[in-house]
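Notes to accompany the following structure.
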Amino acid sequence: MSRRMGRDKGLIPDGNDVRIKKIYDVLSRSFHDIYLSIRNDQKDLYQKFFSESIFIYDQKKFVGIKGPLLGLVSFSERFPGAYFFVSACDLPDITQDLTDCILNSFSHESGYDAYIFWNSEKREPLFGIYNAEAILRYVQGNSAAAQDCSLQSMLKTMKVLEISISANMRDLLKNYNFPDS
């Protein structure tokens, strides 16, 4: 909802484009199929930059679930057997090296529900790889998911590979959530 920012974070100008387009361009170097998780009310704004065919709309049938978790659940329902890469729209500093680091861990370590960075203080849930089946299990088997929609709570129920990250790479995962950031 971008409440702290006061406007849609993905559509903030960034150089000659908007943030979400910059992130999309970085990820398109590694991934053929890229989808954008959006709310229905964002459709007209995002169609200025992307084809509607890549939109995954938040599913209202998941009553009480909101925020990034609703996006992950909506994607998981559409592609239930998939592992998928997630990046938030407020991470405009991501790089190919950062993406490659996660992909390398995923290709060498199997059997995890999530592959995310550990920044020496906490997990970084909005840049990583998730197992759709694990997300659906969490939501379907946990009535508390609707009350606590945090990804950190979901990760506590999953088998997670925490990937250590260097200080300089940690800076690339800075979230820009406020107008002055």
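The values are calculated or read from the model by the stated rules, or taken from the named source; none is laboratory data. Note that this is a predicted model, so its numbers are computed, not measured. Here the Cβ is made from the backbone with ideal geometry for all residues, glycine too, and neighbour counts use every protein chain on show.
Just wondering, is there one or more residues in the range 130-151 that are assigned to a strand (DSSP E or B), under 20 Å from residue 80 (Cα atoms) and out of contact with any Asp or Glu (no Cβ under 8 Å at 6 or more places or on another chain)?
no
Among 177, 119, 142, which is the only one that is modelled with pLDDT under 90, over 20 Å from residue 79 (Cβ atoms), surrounded by fewer than 19 Cβ atoms within 10 Å (Cβ to Cβ) and touching a helix residue (DSSP H, G or I) at 6+ places or on another chain (Cβ under 6 Å)?
Only one candidate qualifies: 119.
Of a type in the set (A, V, I, L, M) and either surrounded by fewer than 13 Cβ atoms within 10 Å (Cβ to Cβ) or closer than 28 Å to residue 17 by Cβ (or both), is that true of residue 65?
For residue 65, the condition - of a type in the set (A, V, I, L, M) and either surrounded by fewer than 13 Cβ atoms within 10 Å (Cβ to Cβ) or closer than 28 Å to residue 17 by Cβ (or both) - is not met.
Does the range 69-93 hold any residues that are of a type in the set (Phe, Trp, Tyr) and either under 17 Å from residue 53 (Cα atoms) or more than 14 Å from the chain's Cα centre (by Cα) (or both), and which are they?
75, 79
Give me the pairs, please: first residue somewhere in the range 34-48 and over 13 Å from residue 71 (Cα atoms) and among the aliphatic types (A, V, I, L, M), second residue anywhere and surrounded by 17 or more Cβ atoms within 10 Å (Cβ to Cβ) and modelled with pLDDT under 95, beta-carbon distance under 8 Å, and either six or more positions apart or on two chains.
So the pair list comes out as 45/8; 45/11.
Could you give every pair whose Cβ atoms fall below 6 Å, whose first residue belongs to the range 76-89 and is over 11 Å from residue 127 (Cα atoms), and whose second residue is surrounded by 16 or more Cβ atoms within 10 Å (Cβ to Cβ) and among the polar types (S, T, N, Q), counting only separations of at least 6 or pairs across chains?
83/131
Which pairs do you get when a residue that is closer than 13 Å to residue 29 by Cβ, found in the range 91-103, comes within reach of a residue that is aromatic (Phe, Trp, Tyr) and surrounded by 18 or more Cβ atoms within 10 Å (Cβ to Cβ), reach meaning Cβ atoms under 7 angstrom, with the pair 6+ apart or on two chains?
94/127
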